[in-house]
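Every read-out reported here was derived from the displayed coordinates using simple, explicitly stated rules and does not represent laboratory data. Fair warning: this is a prediction, and the values are worked out from it, not measured in the lab. Glycine also receives a Cβ, built like all others from the backbone with ideal geometry; neighbour counts cover every protein chain displayed.
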Amino acid sequence: MNTIDLGQLFPAISSLFQIDPTIAIARIALILIGAILAWLGVKRITEPLILVPMGLGMIFVNTAQFFLPPYPPFPSMYGNPHLAPLVGSNVSNPVMAATEQVIASTLYWLQPIYALTFLNGAIACFVFIGIGAMTDLDFLMAKPFTSFFLAVFAELGTILTFPLAVAMGFSYNDAASIAIIGGADGPMVLFTSLKLSPKLFVPITVVAYLYLSILYLFQGKLSELTIPRKMRMVRMTPTDIRRVSPREKILFAIIAGGTLSLLFPVASPLIASFFIGNVIKEAQIERLKKFADEVFLNGATFFLGLMLGILVTPDVILDPKVVKLLILGITALVLSSIGGSIGGILMYYISRGKVNALLGPAGVSCVPTTAKIAQKEAQKLDKRNYIIYHAMGPNVAGVITTAIISAIYMTIVPLM
């Protein structure tokens, strides 16, 4: 009777003692971080739609497999280009060989989703279709000058972070991808980093989503610190907004989407996806709207979070660039929020006190999170002040301005 080798029976545990202790510690740390992220999402302290699947993905990928020294990888046509170097053939050590079989079986069940939706940026487009299907364009169209004025100021982080990242040693491509975090638009960050920084797209996107999920925790306080109280007390009511007909909104979506795609073709997949979703909404095609808003958006968000979590492995967090990414990511968002506050204060004076300055930070285009934060801050001072409908104008305009800046980066930076 053959003796059962416990190392072969439990290869993931056994390999803990056969790999670099740094990697083992990193793996355990990622399991704990994943658990914390999932718990924060379940408790609604942070955004659950992204962080719960992301946290679970981090837990399961780091409990199911240990990462080995780089052996000859699987053929590139079959493997994940970001994880394949960690998987190989090692028949000389039965424990390692068994571990590799575990890695292969736990990794490649998601390979079709990764190959068909991540490598080409389609997952970001799927999310944008859903966002478009739930976005109201009324205030943007009723007051386009105010909306885009505020949105432009709220891009401060996407502009200033680029030279900061270059100064910290990042390439122009990586710096541009990191700078887009300031736009507070997760799918845009993913799409841009896939194009410009394929080797760093995982940490850049994860950092972006981690910070976007905690916007509630700091942007409101930042608005209180940067905007005087009287400017946050300006009352704005929904009746102040001109009623825009569905026909006008459909025409706007088609014309704006077509024009932007013509001017910035590199970002046209995201631009087209957003306006396609919006046309479905305004045309009142209920079955398609329900599919885009409830099924498509939720499904894409789930797999986006799960795949990002599964891609967070020890080699990712042990990259020394991650610390710089964390610093630059929060810097980009803080600068954009401050830029929004500056724009809001200027618009308060331009409008002679008729525009609440909190609409400025709402131009940071995390739809509809930053608009909700502006509403929450306004109601702290006046329970009957409903500015969210107005805040959606710069909020949606921010999506467009971030797409334009992203397109400029993707077009010009590779030529630098």
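Alpha-carbon geometry of the range 113-213: the Rg and the Dmax are 15.0, 44 Å, given in that order.
Kirkwood analysis of the range 240-390, using all unique Cα-Cα pairs, places the hydrodynamic radius at 18.9 Å. Computed from the C-alpha gyration tensor, the three semi-axes of the ellipsoid equivalent to the range 224-307 are 29, 21, 18 Å, from longest to shortest. Taking the square roots of 5 times each eigenvalue of the Cα gyration tensor of the range 142-270, largest first, gives ellipsoid semi-axes of 30, 24, 13 Å. When the pairs Lys324/Lys372; Lys290/Lys354; Lys143/Lys376 are compared against a 26 Å limit on Cα-Cα distance, Lys324/Lys372; Lys290/Lys354 fall above it. In plain terms, if you count all Cα to Cα distances in the range 369-416 and split them into 10 Å steps from zero, the share in each step is 26, 32, 20, 15, 6, 0 percent.
Taken as Cα centroids, the range 146-164 and the range 212-230 sit 17 Å apart, rounded to the nearest whole angstrom.
Summarised as an ellipsoid, the range 337-388 has semi-axes of 16, 15, 7 Å, derived from the eigenvalues of the Cα gyration tensor scaled by 5 and square-rooted, with the largest first.
Straight-line cross-link reach from Lys221 at under 20 Å between alpha-carbon atoms covers these aspartates and glutamates, not counting any fewer than eight positions away in the same chain: Glu47, Glu155, Glu377, Asp382. Residue ranges 212-220, 357-365, 124-132 sort as 357-365, 124-132, 212-220 when ordered by packing (mean number of other C-beta atoms within 10 Å per residue, highest first).
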